[in-house]
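See below for the structure under consideration.
The values are calculated or read from the model by the stated rules, or taken from the named source; none is laboratory data. Quick caveat: nothing in here was measured; it's all calculated off a predicted structure. Cβ sites come from the backbone with ideal geometry, for glycine too, and all protein chains shown count toward neighbours. Surface areas here come from the heavy atoms of the whole protein model, side chains and all, with no ligands, DNA or RNA. Shrake-Rupley method; radii C 1.70, N 1.55, O 1.52, S 1.80 Å.
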Amino acid sequence: MDEMEEELKCPVCGSFFREPIILPCSHNICLACARNILVQTPDAESPQSSRASGSGVSDYDYLDLDKMSLYSEADSGYGSYGGFVSAPTTPCQKSPNGVRVFPPAVPQPPPQHHLLQQPGSLPPIPRNSCITCPQCHRSLILDDRGLRGFPKNRVLEGVVDRYQQSKAAALKCQLCEKSPKEATVMCEQCDVFYCDPCRLRCHPPRGPLAKHRLVPPAQGRISRRASPRKISTCTEHELENLSMYCVQCKMPVCYQCLEEGKHGTHEVKALGAMWKLHKGQLSQALNGLSDRATEAKEFLVQLRNMVQHIQENGVEFEACLVAQCDALIDALNRRKAQLLARVNKEHEHKLKVVRDQISHCTVKLRQTTGLMEYCLEVIKENDPSGFLQISDALIRRVHMTESQWGKGTLTPRMNSDFDLTLDSGPLLQTIHQLDFVQMKVPAAPMLQLEECCTQNNSATLSWKQPPLSTIAVDGYILELDDGNGGQFREVYVGTETICTVDGLHFNSTYKSRVKAFNGSGVGQYSKTLIMQTSEIAWFTFDPASAHPDIMFSNDNLTVTCNSYDDRVVMGNSAFSRGVHYWEMTVDRYDNHPDPAFGVARADVLKDVMLGKDDKAWAMYVDNNRSWFMHNNSHTNRTDGGISKGGTIGVLLDFTRGILIFLINDEQQGPVAFEALEGVYYPAISLNRNVQVTLHTGLPIPDFYTPGEADPTGSVC
């Protein structure tokens with residue numbers, strides 16, 4: 001109810017509406033406030049030439065009038081275009097709602113033809129007065145009726161009265177005998193206010209009363225009618241009741257309005273019927289608005305939850321940042337201790353070397369000084385023979401001692417400077433570049449199901465990041481299982497958001513998923529998508545893997561050769577699982593050549609007959625008989641050959657690991673090969689005398705039922 005209060009206040013005075021009138025723009029204003037914002041225009045423009053106000057102006061007329069309004073914040077709000085007359089500049093004031101309010105115009109003597117004022121009626125309105133809507137700023141020149149030409153909004157007035165009554169005092173129980181208690185509910189059907197004890201005693205929720213609707217007292221008070229509905233009268237014919245509704249003018253009219261011809265040519269409908277119709281339309285519009293309001297409330301709850309999450313995440317993020325910075329400081333302190341230990345070690349090493357050199361030099365100097373003093377004393381002796389006995393030895397000792405003080409002996413072994421310089425530049429640069437990048441791993445991608453599909457034995461998958469995700473993504477990892485419920489394996493790693501995987505098994509169910517990664521790590525997997533490959537194989541001959549002498553046509557379904565030697569061509573799809581069948585029709589068969597049909601590995605020899613090496617399993621056939629051949633071993637000669645128009649069928653069954661050949665829809669010989677495992681390509685070899693056309697996507701022949709092969713080689 002509090003939210004509705006703004007709807008019940010006048011845009012000029014800011015108080016609850018008192019005697020509200022409806023302007024042609026559908027906005028409301030107090031009658032007294034309307035008189036306060038009137039502005040008088042010069043007498044040069046007569047009222048008859050101006051557009052009338054009130055019920056005589058339709059929405060269309062008012063729209064035309066509004067196009068001629070030149071309202072501006074810099075002038076009085078009126079222009080001199082069209083039917084409007086420039087109004088004198090009038091100072092304006094501001095209402096409590098911030099709307100421009102024009103003071104009352106200076107009263108002018110009433111014109112001679114003006115009606116005498118009746119007791120209790122409004123004071124006379126000066127001629128050619130203008131009123132401007134305080135909300136949409138549309139202007140209108142009043143006619144002789146003045147403000148009486150605007151209809152009163154009795155509905156709004158009633159709502160205001162009921163609202164003020166509901167706010168006046170607490171509602172009391174109507175059934176308490178002494179000291180009525182405060183009411184807690186109101187029954188809309190009984191129209192009675194109850195307190196809790198009286199409700200339990202007099203209005204139990206059982207029987208017929210169980211269907212009554214109980215509402216809060218304030219809501220019940222608002223829904224009550226303050227007074228019986230008053231009969232509305234016409235603003236132009238005050239003695240006539242409003243009984244019809246003009247559809248074109250969109251306003252209630254009386255019988256006299258229709259008789260005088262003002263609305264005579266307009267479409268009119270019964271007032272009660274239009275009342276119900278518009279109520280229904282308003283109710284329907286309110287339903288949509290209610291849905292939007294509900295969504296807005298849910299959105300506000302989401303935003304409030306976001307505020308809480310932002311605060312929680314902010315505290316968590318701040319704690320994480322402090323912890324990371326503390327970890328960097330701890331690492332720097334540890335490195336500092338390591339560097340200081342290294343400096344101390346260098347310091348001790350220098351001191352030790354210098355001290356050792358000092359000790360060594362001191363001992364050597366003491367020995368040299370002693371030798372010098374001894375030699376000087378010997379020189380003082382006067383005994384020639386005794387001197388000569390030791391002089392040679394002394395001379396040698398002196399020379400030896402002198403040589404011991406040779407080059408480098410008197411040079412410091414250690415420099416006093418520390419040859420260490422701390423290279424802190426890269427670290428300082430790194431610290432300056434320290435910034436927020438990717439704090440989290442990417443969110444799980446969303447598979448775009450409308451773009452994911454399978455075709456033949458290929459699967460195309462497309463994905464994207466969630467719409468609200470702002471975390472950077474460096475790439476994606478796409479994984480598929482083996483089509484048989486096995487482990488997932490990576491099939492694509494890259495930055496693209498769409499990928500086609502070829503070479504899958506036919507008639508297999510694959511599970512796929514994708515995840516994103518960045519510098520912080522790998523994100524969560526997307527939802528798993530299950531995809532089914534084609535049950536029946538469709539393929540063509542493959543020009544990329546064929547011998548250069550092979551010639552293609554018919555969209556790579558028809559092949560021949562330009563050499564007399566046998567050349568090999570394979571299909572563009574490989575098989576390793578399931579049961580597959582395809583046929584080839586002989587379009588040309590000249591001079592009885594020996595074409596070969598079968599399956600082969602990808603690295604089969606392409607310049608010899610199919611089956612000559614150990615990479616192919618084939619049946620070669622002429623016009624009379626056929627043989628099976630693998631690794632140049634010929635087996636199972638069988639009567640029956642081919643001719644132009646003949647058909648050769650190949651049935652590859654991996655469930656039993658066998659290969660069977662057919663000629664003209666009949667099985668040719670026993671099971672050709674067994675224990676087949678791995679990946680095989682359809683293949684043929686032919687020369688220039690043969691041309692064949694491939695037919696794929698065929699069902700398994702009716703005669704063949706998957707099962708075990710008996711010892712004789714026939715199919716069970």
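Taking a straight Cα-Cα cut-off under 17 Å and skipping sequence neighbours fewer than 8 places away in the same chain, the lysines within cross-link reach of residue 279 are 250, 269.
Which of the lysines could a cross-linker bridge to residue 178, judged by Cα under 28 Å and excluding same-chain residues fewer than eight apart? Within the straight-line limit of under 28 Å, residue 178 reaches these lysines: 167. With the whole protein complex present, residue 705 retains an accessible surface near 80 Å², based on a 1.4 Å probe.
Candidate cross-link partners of residue 407 among the lysines, defined by an alpha-carbon separation under 30 Å and a same-chain spacing of 8 or more, comprise 345, 350, 352, 364. Sorting 586, 473 on solvent-accessible area from highest to lowest, probe radius 1.4 Å, gives 473, 586. Taking square-rooted eigenvalues a ≥ b ≥ c of the alpha carbon gyration tensor, is region 567-616 rounded, prolate or oblate, where a/c under 1.5 means rounded and, failing that, a/b exceeding b/c means prolate? In terms of gyration-tensor shape, oblate.
All other residues whose Cβ lies under 11 angstrom from that of residue 460 are scored, Lys and Arg at +1 and Asp and Glu at -1, for a net of -2. Label separation (residue 248 vs residue 484): 8.4 nm, computed from points 7 Å beyond Cα along the C-beta direction. Assign one of three labels to region 494-559, namely rounded, prolate or oblate, based on the Cα gyration tensor with a ≥ b ≥ c the square roots of its eigenvalues; rounded applies when a/c is under 1.5, prolate when it is not and a/b is larger than b/c, and oblate otherwise. Here region 494-559 falls in the oblate category. For region 346-395, taking the reciprocal of the average inverse distance between every pair of different Cα atoms yields a Kirkwood hydrodynamic radius of 13.4 Å. Here is the list for region 406-507: GluC sites (Glu not before Pro) lying in DSSP coil, each with at most 15 other C-beta atoms within 10 angstrom of its C-beta, are 496.
Of 582, 538, 405, the order by accessible heavy-atom surface (1.4 Å probe, DNA, RNA and ligands excluded), from most exposed downward, is 538, 405, 582. Taken along its principal axes, the alpha carbon cloud of region 260-353 reaches lengths of 129, 24, 12 Å, longest axis first.
The Cα center of region 383-408 and the Cα center of region 517-588 differ in position by 103 Å.
Could you work out the local net charge near residue 327, counting Lys and Arg as +1, Asp and Glu as -1, over the other residues with Cβ closer than 14 Å to its Cβ? Spelling it out: positives minus negatives among the neighbours equals 0.
When nucleic acids and ligands are ignored and a 1.4 Å probe is applied, residue 26 ends up with an accessible area of around 80 Å². The accessible area of residue 201, taken with all protein chains in place and a 1.4 Å probe, comes to roughly 150 Å².
When the residues 583, 677, 19, 157 are ordered by accessible surface, computed with a 1.4 Å probe over the protein chains alone, the sequence from largest down reads 677, 19, 157, 583.
Charged neighbours of residue 361, selected by a Cβ distance under 11 Å, balance to +3 (K, R count +1; D, E count -1).
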